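To keep things clear, I will list the structure first and then write my remarks on it.
The values are calculated or read from the model by the stated rules, or taken from the named source; none is laboratory data. Quantities reported herein were computed from a predicted structural model and do not represent experimental measurements. When we count neighbours, we look across all protein chains shown, and the Cβ atoms used for this are built from the backbone with ideal geometry, even at glycine.
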Amino acid sequence: RMAVGNATVGELVRAAGNACRSPVLPPYETLDDYLADGGYQMLRRLRAAGSPDEVEQALLAAGLRGLGGAGFPSGKKWSFVRAEQGPRLMAVNGDEGEPGTFKDRYHLERVPHYCLEGMLIAAWAVEAERVYFYIRDEYPAVLEILRREIAALEQVGLIDPGYVELRRGAGAYICGEESAMLESIEGKRGIPRHRPPYVAQVGLFGRPTLVHNVETLHWIARICREGADVFAGVEQNGRKGLRSYSVSGRVAKPGVYLLPAGSTIRDVIDAAGGMTVGHRFKAYQPGGPSSGILPASLDHVPLDFDTLNEHGVFIGSAAVVVLSDRDNVKAAAQNMLRFFEHESCGQCTPCRSGCEKAVQLMAAEHWDQPLLGELAQVMADASICGLGQAAPNPFLTAMKYFPDEVRPATLPSSRTER
Ligand code: NAI
Ligand code: SF4
């Protein structure tokens, strides 16, 4: 009998198991509350006499794009899937693993039925035979909320028993990549598939599959219920729509902030209560480590899809991390590459060896920038999925915007030592 403190290991394991089984739930809107507020009336109306084309047009008119990070027009996915021969399936991507991203959790812990009603509207639109809801295991409260509320939906007859199946992710970042997620749901090792074919054509168990992120479904329900203006009616800096920014780092009040898609980093920092006392704004990561790092001088750019591309970064899942004069960009970029090295699934050489090589090169006092540039090109061109393609962004942006921190190699001969 091994003992830790006053408890045996067995007791500790049992206690941990109990804690996992009974997480403390935040106050959230249950099915009863949601129904009392008019919830699921839209779903019932659509199921009775709705036209998927009309809803799809409404989503396109609202400008809703995939909020997992890729920004693909949401409505278009429906027609891609419907164009394929049935039976069709649907999967919800709740594996939000991008470091700094916690918006899906925020929404599910408050009003889970927006996402669930959006999911059922989308499933209705593509006539999905079954829905798989993939949720990361690091969110025990969300998992329990979903268990309860899906059971409640079955009880009131809004879905058949077993129509929505919950699947738990086991902590691998790559399982948030949609085809790796589908592999994982199928019970296999979660590694990305080659595209094409897209999952809309050949997805789960070889069937046409609609995949949406949690927040995208949240907005599908709200646009259907409240009209396109609830989303598209918000305009700032010439950009329409809303984004849920997950804000962390050197700000006074980290959290999720619902702001116009056209917000700048200054707007986001203001919403988060300003900088932490004693810190001066120096840099920011707009959308998780895969997006790269921008300097404070680029504080006027709207953070919407597409607008950041010319600066070599993207907004992705809007995981904003604010860095200050006390942070070292070189160290931050190294940390990000160590993350990618750890999370690379290892399937393809440019990513598997590329991340490892980048971590080694970045450990040098002065980075060999030409070599890192070559490595980045190979990774971007030849990696199978977005992880390997975007992994160089932290060091590319560090070299571009913070040259003083990553001074060029002073010893050209070091290049022959590789
Ligand atoms: P992607 O642009 O390749 O695909 C986006 C979606 O559109 C997918 O569902 C894909 O199947 C669909 N699609 C694209 N072209 C299509 C076509 N021709 N026909 C049918 N369907 C098509 O982007 P990907 O690789 O799925 O996602 C990358 C993004 O994910 C990055 O921008 C990153 O920010 C984000 N990300 C988010 C994370 C999170 O925790 N939320 C974690 C890691 C990355
Ligand atoms: Fe795996 Fe990286 Fe290749 Fe993606 S790019 S398939 S994560 S090794």
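Scan the range 126-146 residue by residue and report those that are within 19 Å of Gly39 (Cβ to Cβ) and either outside any helix (DSSP H, G or I) or in contact with a strand residue (DSSP E or B) (Cβ under 7 Å, 6 or more places away or on another chain) (or both).
Val131, Phe133, Val142, Leu146
Within 15 Å of ligand 1 (Cβ to nearest atom) and either assigned to a loop (DSSP other than H, G, I, E, B) or more than 20 Å from Val256 (Cα to Cα) (or both): which single residue out of Leu375, Leu298, Leu303, Leu361 fits that description?
Sole residue among the options that is within 15 Å of ligand 1 (Cβ to nearest atom) and either assigned to a loop (DSSP other than H, G, I, E, B) or more than 20 Å from Val256 (Cα to Cα) (or both): Leu303.
Under 6 Å between Cβ atoms, at least 6 apart or on separate chains: pull out the pairs that start in the range 333-351 with a residue that is away from ligand 1 (no atom under 15 Å from the Cβ) and end on any residue that is among the acidic types (Asp, Glu).
Glu341/Glu356
With the condition kept exactly as written, say whether any residue in the range 45-56 is crowded, with 21+ Cβ neighbours inside 10 Å and either under 17 Å from the mean Cα position of the chain (by Cα) or more than 21 Å from Trp124 (Cα to Cα) (or both).
No, the range 45-56 has no match at all.
Pull up the range 95-131, narrow it to residues that are within 11 Å of the chain's Cα centre (by Cα) and among the basic types (Lys, Arg), then point me to the one that is surrounded by the fewest Cβ atoms within 10 Å (Cβ to Cβ).
Restricting to residues being within 11 Å of the chain's Cα centre (by Cα) and among the basic types (Lys, Arg), the top hit is Arg105.
Let me spell it out: the conditions are (1) buried (at least 23 other Cβ atoms within 10 Å of the Cβ); (2) within 14 Å of ligand 1 (Cβ to nearest atom), and Arg193 meets all of them except one. Which number is the exception?
Exception for Arg193: condition (1).
Which ones in the range 378-417 are within 16 Å of ligand 1 (Cβ to nearest atom) and either of a type in the set (Val, Ile, Thr) or modelled with pLDDT under 95 (or both)?
Ile384, Thr397 - these are the residues of the range 378-417 that are within 16 Å of ligand 1 (Cβ to nearest atom) and either of a type in the set (Val, Ile, Thr) or modelled with pLDDT under 95 (or both).
So if I check each of Gly373, Gly388, which one is more than 23 Å from the chain's Cα centre (by Cα), at negative phi and in contact (Cβ under 8 Å) with a residue 12 or more places away in the chain?
When all the criteria are applied, what remains is Gly373.
Under 8 Å by Cβ, and 6 or more places apart or on different chains, what pairs join a residue from the range 99-116 that is more than 14 Å from ligand 1 (Cβ to nearest atom) with one that is of a type in the set (Ser, Thr, Tyr) and in a loop (DSSP other than H, G, I, E, B)?
If the second residue must be of a type in the set (Ser, Thr, Tyr) and in a loop (DSSP other than H, G, I, E, B), the pairs left are Glu109/Tyr28; Arg110/Tyr28; Val111/Tyr28; Pro112/Tyr28; His113/Tyr40.
Hey, any hits in the range 314-325 for a residue that's in a helix (DSSP H, G or I), modelled with pLDDT under 95 and out of contact with any His (no Cβ under 8 Å at 6 or more places or on another chain)?
So far as the range 314-325 goes, no, none of its residues is in a helix (DSSP H, G or I), modelled with pLDDT under 95 and out of contact with any His (no Cβ under 8 Å at 6 or more places or on another chain).
Before we move on, is Thr397 in a loop (DSSP other than H, G, I, E, B), away from ligand 2 (no atom under 16 Å from the Cβ) and either crowded, with 17+ Cβ neighbours inside 10 Å or not hydrophobic (A, V, I, L, M, F, W, C) (or both)?
no
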